[in-house]
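The values are calculated or read from the model by the stated rules, or taken from the named source; none is laboratory data. Since the structure is predicted, the reported quantities are computational estimates derived from the model, not experimental observations. Cβ: placed from backbone, ideal geometry, glycine included. Neighbour counts: every protein chain shown.
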Amino acid sequence: MEDRIEQAKKILNKYNQGHVIQLIEKHSGSMQEEILNQILSIDFDELDELYKRAAESVEIDTSTLEPITAIFSEMLSEEERKSYVAARRASNQRQ
């Protein structure tokens, strides 16, 4: 158990999460074991990479964007309206 605690502390300190160590030390027994399991199951490298990528600036080429044509239900035939409603219902059922 001490090896797991030291392993968790090393990981937490590496990723500036040292405050979580207090949580480990505050608890004992099965609660401490559960906290350690959670910490040791987290892929901190992947989380760090995702965080860095999320913070990156992304450039989007808007030069090819065009406005879409609005379609009002009054412009649709009865058959088109029924088709649209059926497609919406099917879409909602999949969610």
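Has segment 61-76 got any residue that is surrounded by 10 or more Cβ atoms within 10 Å (Cβ to Cβ), at pLDDT 90 or above and among the acidic types (Asp, Glu)?
So far as segment 61-76 goes, no, none of its residues is surrounded by 10 or more Cβ atoms within 10 Å (Cβ to Cβ), at pLDDT 90 or above and among the acidic types (Asp, Glu).
In segment 48-67, is there at least one residue being touching a residue at least 12 places away in the same chain (Cβ under 8 Å) and of a type outside the set (Ser, Thr, Tyr)? I'd like the intermediate steps shown before the answer.
Just the residues of segment 48-67 that are touching a residue at least 12 places away in the same chain (Cβ under 8 Å), to begin with: 48.
If we keep only those that are of a type outside the set (Ser, Thr, Tyr) too, we end up with 48.
Yes - at least one qualifying residue is present in segment 48-67.
So if I check each of 60, 24, 11, 39, which one is in a loop (DSSP other than H, G, I, E, B) and among the hydrophobic types (A, V, I, L, M, F, W, C)? I'd like the intermediate steps shown before the answer.
Details: 24 fails: in a loop (DSSP other than H, G, I, E, B); 11 fails: in a loop (DSSP other than H, G, I, E, B); 39 fails: in a loop (DSSP other than H, G, I, E, B).
Going through 60, 24, 11, 39 in turn, the sole match is 60.
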